[in-house]
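Quick notes on the structure that follows.
A short reminder: the numbers here are calculations on the coordinates, not readings from a lab. It should be emphasised that the depicted structure is a prediction, and the values quoted were computed from it without experimental measurement. Don't worry about glycine lacking a Cβ; one is built from the backbone with ideal geometry, like all the others, and counts go over all protein chains shown.
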Amino acid sequence: MIYTLPHLIENSAKLFPDNEAFRFANQSLTYSEIEVKMNQLAKHLTASGVRKGDRVGVYMHRCLETAIAIYGIMKSGAAYVPLDPFAPQSRTLFVIQDCGIEHLVTTPTQTKKITKLTLQESGLKSIIGTTTELPSISSFSWEEIYAISLNEFKTVTILEDDLAYIIYTSGSTGTPKGIMHTHYSGLSYAKLSADMYGLTSEDKVGNHAPLHFDVSTFGYFSAPLAGATTVIVPDAHTKLPLSLAELMENERISVWYSVPLALVQLLIYGGLEKRNLNSLRWVLFAGEVFVTKYLKALMKCWPKAKFSNIYGPTEVNQCTFYHLETPPKSNEPIPIGEVWGNTEYRILDENDQEVSKEQPGSLVIRSSTMMKGYWNNEALTQKSLFKEIIAPGIERVFYRTGDLVRENEKGELLFLGRNDRQVKIRGYRIELDEIENTLVKHQEVEEAAVILVDNGNDDKQLMAVVLLNSESEIKNSDLITYCKSYLPHYAVPNKVHVLNAFPRTSSGKINRNKIKEILA
């Protein structure tokens, strides 16, 4: 039986011992091999003083060791905390200190960064993955871990409600917050998603997302549940569409999951007409809105594949889906769909009352895949929850997503934008997402972002930035005229700026704070 996340590996090691569990750059680990290596790491961690409930950092670029690290840490009873290897040192140090991380699992490529970190008051006691001598810190190589005997290995008792991992938000706005997930919420997601997408031991799952982005749990949890192979995409390939398309072809990827940006880049620059990707049976995308005109074009390139729009904040993993078997008929944004199993929702007005049918409101979600709360921030945890009292001492607890939605006549949810992206100018309420959706419908616009600039003295202006097709010669004034044809006068951008590239978070989302700095 599968009760905790490490059981995913143990179960598949019994059923499919010789199946490749993870592949990376022509290297691989079978299920029987990773079971041994995760136990060796777990034994070392417990011998080093790691106890149930401790947090252990994972600080490395994509590689096979990422899988060993997360399962070895969880097998020891601790929770793994992914650290973005591309993040500024100040952010990495913040997460280490905020989470009380004393042990770090890494690789030799991170040695220089770790050396700089330890010059600060990081609180680190041991580092696994490098033998660099550091003051007051023990270090162990992977070779030493792999040499550990598993004789007399005593496993730690782990319950479903125990902490499994903490993912910190991208930090593009405000102070990063740690989202706590348990073995129960992680397993619920793995079981629901593996079932929904029909994962089998024959599948090759493309894992494009970095470890600190929640989309990665599909490859690390859902695929092992089915005994499938997870192909970890190297960092370099994620930025090179031509080589990414080649990797997908060579690895015979059958299920793909990424942010829409990666798929748009593949469509435009990946030379897909030269690639045989007939092995693809299902393409999943999440994280941001997939511009419908590009989705239609990609579906025509891969006519045999099924496509799904996935919605769900990190706090609840996935919670809605919208399947497409044929390209959309119009360029209107596609729905985020319906909730999946073990999930219910409410759409609330400003007074936390349910709105009437087909009216917009704030989405709250209750699900078996929901987080335990925010690490070390009970006030924020309580603020993020909506509680529905059904009897004395009995309540239903929902997560406030902060997203505006409405239900259409088919019962499907339509994403309207973020609550915090609704602005007010001269008495008019304006949805910035609506302006962006209008701009990207223009055939010469690849992407768009709209921000509000407050110059003080009630002087607020809407600024749009766009990426254009390489052949485009359209003028900024033409785009403003275009907006006037589709938007009310108060929602037309004051100015449109053209950029060669958008600043992005490490998960591929547009970093609007950086855009504000660029335009300042």
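For the chain, averaging the sequence separation of C-alpha pairs within contact (under 8 Å, six or more residues apart) and dividing by the residue count gives a relative contact order of 10 percent. Scoring 371-380, 122-131, 73-82 by mean Cβ neighbours within 10 Å over their residues and listing the highest first yields 73-82, 122-131, 371-380. May I ask for the net charge around Val95, where only other residues with Cβ less than 11 Å from the Cβ of Val95 are counted and Lys, Arg are +1 while Asp, Glu are -1? Every neighbour counted, the sum reads +1. Placing unit charges on the Cβ atoms only, positive for Lys and Arg and negative for Asp and Glu, gives the chain a dipole magnitude near 440 debye about its Cα centre. Looking at the chain, the DSSP beta bridges with both ends there are about 60 percent antiparallel.
Among the lysines of region 14-122, pairs that are 8 or more positions apart or on different chains and have alpha carbons within less than 13 Å of each other number 4. Beta bridges per DSSP, both residues in region 17-184: antiparallel share near 40 percent.
Working from label points 7 Å from Cα in the Cα-to-Cβ sense, the Glu471 to Asn342 distance is 5.0 nm.
Highest-first packing order for the peptide set 229-238, 144-153 is 229-238, 144-153, based on the mean count of other beta carbon atoms within 10 Å.
The residue list Ala67, Val255, Pro210 was ranked by how far each Cα lies along the charge dipole of the chain toward its positive end, using unit charges on Cβ atoms, and Pro210 comes out on top.
Measuring between alpha carbons in the structure, the pairs from Lys300/Lys516; Lys304/Lys357; Lys424/Lys514 lying more than 27 angstrom apart are Lys300/Lys516; Lys304/Lys357. Placing R0 at 30 angstrom, the Cβ-Cβ distance between Asp352 and Ile518 gives a FRET efficiency of 0.20 after rounding to 0.05.
Projecting the Cα atoms of Pro303, Ile518, Pro241 onto the dipole axis of the chain, where Lys and Arg carry +1 and Asp and Glu carry -1 at the beta carbon, places Ile518 farthest toward the positive end. If you sort the three axes of the alpha carbon gyration tensor as a ≥ b ≥ c, you get a/c of 1.5 or more for region 426-519 and a/b no higher than b/c, which makes it oblate. From the alpha carbon centroid of region 21-49 to that of region 298-327 is 32 Å.
Here the dipole of region 181-294 is about 140 debye; that uses its Cα centre as origin and unit charges on the Cβ of Lys and Arg (positive) and Asp and Glu (negative). Using Cβ point charges alone (K and R +1, D and E -1), the dipole size of region 9-95 about the Cα centre works out to roughly 320 debye. The distance between label points at Leu487 and Glu288 comes to 1.7 nm (points 7 Å beyond Cα on the Cα→Cβ vector).
Bridges between two residues of region 426-519, per DSSP, are antiparallel at a rate of about 70%. For the pair Asn26 and Glu246, label points projected 7 Å from Cα toward Cβ lie 1.2 nm apart. Taking the charge dipole of region 103-166 about its Cα centre, with +1 at Lys and Arg Cβ atoms and -1 at Asp and Glu Cβ atoms, the residue from Ile166, Ser122, Ala147 reaching farthest to the positive side is Ser122.
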